[in-house]
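Asks: Encoded as structure tokens, here's the structure I'll be asking about.
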Amino acid sequence: MQQTSHQQAMLAMLDRAPMGLPHYWIFLLSTGGTMLGGVSVFTLGVALPLLVQSFAIDAAMQGLLGAALLAGAVPGAAIGGPLADRFGRKPLMLIDTVVMILGAILAAFAGDTTLLIVGLFVFGVGVGIDYPVSSSYVAEWMPAAARSRVMVGTITFQAVGFMVAAALTASILAVVDTTWAWRGFMATLVALPLLFLLGRLFLQESPRWLMGRGRNRAAADAIGAVISADRAQLAALGDAAAGAVHLIAKAPDEVKKRGIAALLGTSYRRRTALACLPWFLMDIASYGIGLFTPMLLADLHFSSTRSGAVAADFSEIGGTSLIDVFLVIGFLAAFWVVPRYGHLRPQVAGFLGMTVGMLILVAALWWSGPAHPAVAAIFAGFILFNLAMNAGPHSTTFALPAELFPTQLRGAGSGFASASAKVGAALGAFFLPVVKAEYGLSAVLLLVAAVSLAGALITALLVEELGGAKSLEDRHAPDAATPPQGG
């Protein structure tokens, strides 16, 4: 474990700096993966009814298309995090946008479902790389007092992505009255990553990563380019630190192993479980419901007065958008909840709220029947699910890995957690439509309720609170080895 006084001084300047315009620019450009993940999930959800008409696909193929997008994120996250620990945050943030662009081009020009699946998978790889890299990057740059809210803000852009996709897909359907409008949807998945790529070219590398590689002068220069400080003083501190490698960890020897060996070692396996298991369960529920919300609403006959696949699809965009507004409201609640109550309590309460939301939907279906749905109760169930999810586990599961692991392990830890989550997302996307086709809509909702309840119970068992405006380094000192049993 090593930290010179000069490195400590540089990090103190970074942690105590007020939020300035460069911080907000870093934050905005770090939302690429979460926003584009939201855009792609919503876009595919709206495209599925049109793809059914274009390619005459069955329920299993619908699930496979959804799973391809999410399954690609698994290897993306698994390799992206460790690569970012080795080569830096910025290079990987550029690479992942290029991968997304390539995948979207393949999908837009696909002539059959095989190439479409390949394109969606490649796009998912790019999204998967971005999740651990961008979360590590933004956590390492933000002032300590603002970090929790900015981390919540980063994942909030997934819901913003839903809203952007709703506007884009509705605009395309208003102009292109054909089932082949899905190609226009895919074209938007080319343009949006390109905008992020151009903006990210001008970002600075993470100073914490640079210091962890012994590049202290480069770290000082990066800090000086972002915060208002005496650049000569920063340069002097960087020069004085010379090539000292900054490493603060409760188990430095295990951290030096890097990757899976360190994550599953005795010092970090509890944190790894806390980072992975609840996020895995949350993504089964959130992606399974989110991806197929338009089709679930169609199954409940909310567009029965419409005629034609395009007109019906247009109607489901409106119903889904109304529900997704509460995703944003839930995230806004998390801005207040997470800094005030930490990670554990909102995560448990959110999972329980998701469970209740699904049970309300089941009750509404059983009491009224799908032919004559209880509209108010059904929308109430969806709304409670979205509010509880985003005020709790959707925010906390994204933020936790970046704070649970030290700098040299942050990318790998976040990547392993994100990969685990995307396994859950792919499973939910593939199996939920199959379960719906075999056993009905009620079985899907009961399954999501059970998964949400399991998330609450596992979180309560794996207690390790990280609340408070601390430096990232404070969380990994040797005296942090014994986690507090509360929060």
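The values are calculated or read from the model by the stated rules, or taken from the named source; none is laboratory data. Since this is a predicted model, take the numbers as computed values, not measurements. Note: ideal-geometry Cβ built from the backbone for every residue, glycine included; neighbour counts use all protein chains shown.
Asks: Could you check, for segment 85-102, whether at least one of its residues is assigned to a helix (DSSP H, G or I) and small (G, A, S)?
Replies: No: segment 85-102 contains no residue that is assigned to a helix (DSSP H, G or I) and small (G, A, S).
Asks: Applying the selection to segment 422-441, what residues are among the small types (G, A, S) and at pLDDT 85 or above?
Replies: Passing the criteria: only G424.
Asks: Okay, moving on. Which of the following residues is of a type in the set (S, T, Y) and outside any helix (DSSP H, G or I): S136, S228, S148?
Replies: S228
Asks: Oh, and also: Spot the failing condition for T114; the list is (1) over 22 Å from the mean Cα position of the chain (by Cα); (2) closer than 30 Å to A261 by Cα, and only one is missed.
Replies: All conditions pass for T114, except number (2).
Asks: Continuing with this model, one more query. Go through segment 87-105 and give me each residue that's without any contact (Cβ under 8 Å) to a residue 12 or more places away in the chain and either in contact with a helix residue (DSSP H, G or I) (Cβ under 9 Å, 6 or more places away or on another chain) or hydroxyl-bearing (S, T, Y) (or both).
Replies: P91, the sole residue that qualifies.
Asks: Considering only residues that are touching a Ser or Thr at 6+ places or on another chain (Cβ under 8 Å) and closer than 16 Å to G126 by Cβ, look in segment 173-205 and name the one that is surrounded by the fewest Cβ atoms within 10 Å (Cβ to Cβ).
Replies: Among residues in segment 173-205 that are touching a Ser or Thr at 6+ places or on another chain (Cβ under 8 Å) and closer than 16 Å to G126 by Cβ, the one surrounded by the fewest Cβ atoms within 10 Å (Cβ to Cβ) is L194.
Asks: Among the numbered criteria (1) in contact with a Lys or Arg (Cβ under 6 Å, 6 or more places away or on another chain); (2) charged (D, E, K, R); (3) assigned to a helix (DSSP H, G or I), which single criterion is violated by E205?
Replies: It fails just one condition, (3).
Asks: Still on this structure, please answer the following. Within the group L36, L94, which residue is surrounded by 19 or more Cβ atoms within 10 Å (Cβ to Cβ) and either touching a Leu at 6+ places or on another chain (Cβ under 6 Å) or within 23 Å of A419 (Cα to Cα) (or both)?
Replies: When all the criteria are applied, what remains is L36.
Asks: Same structure again: Could you tell me whether any residue of segment 141-148 is of a type in the set (D, E, K, R), buried (at least 20 other Cβ atoms within 10 Å of the Cβ) and within 22 Å of V337 (Cβ to Cβ)?
Replies: Yes, that holds for at least one residue.
Asks: In segment 394-428, what residues are in a helix (DSSP H, G or I) and either basic (K, R) or in contact with a strand residue (DSSP E or B) (Cβ under 9 Å, 6 or more places away or on another chain) (or both)?
Replies: Hits for segment 394-428 are T407, Q408, R410, K422.
Asks: Now, a different point. Right, A241: more than 17 Å from Y137 (Cα to Cα) and surrounded by 21 or more Cβ atoms within 10 Å (Cβ to Cβ) or not?
Replies: yes
Asks: Of all residues in segment 156-172, which are of a type outside the set (G, A, S), farther than 19 Å from A110 by Cβ and surrounded by fewer than 21 Cβ atoms within 10 Å (Cβ to Cβ)?
Replies: Scanning segment 156-172 gives V160, M163, V164.
Asks: While we're here: What are the residues in segment 179-207 that are touching a helix residue (DSSP H, G or I) at 6+ places or on another chain (Cβ under 7 Å) and aromatic (F, W, Y), if any?
Replies: Result: W180, W182, F185, F196.
Asks: Tell me, please, whether a residue that is outside any helix (DSSP H, G or I) and touching a Pro at 6+ places or on another chain (Cβ under 7 Å) can be found in segment 19-41.
Replies: There is at least one residue in segment 19-41 that is outside any helix (DSSP H, G or I) and touching a Pro at 6+ places or on another chain (Cβ under 7 Å).
Asks: When both residues are 6+ apart or on different chains and their Cβ atoms are under 6 Å apart, which pairs have a first residue that lies in segment 422-438 and is closer than 22 Å to T397 by Cα, and a second that is aromatic (F, W, Y)?
Replies: Close Cβ pairs satisfying both conditions: G424/F280; A425/Y287; G428/Y287; A429/Y287.
Asks: Let me ask you something else. Please note which helices (runs of 4 or more DSSP H) are completely contained in segment 235-316 and include at least 1 residues that are at pLDDT 70 or above and under 22 Å from N386 (Cβ atoms).
Replies: 269-291
Asks: Please state which one of G199, G153, G184 is touching a Gly at 6+ places or on another chain (Cβ under 9 Å) and of a type in the set (G, A, S).
Replies: Checking each option against the conditions leaves just G199.
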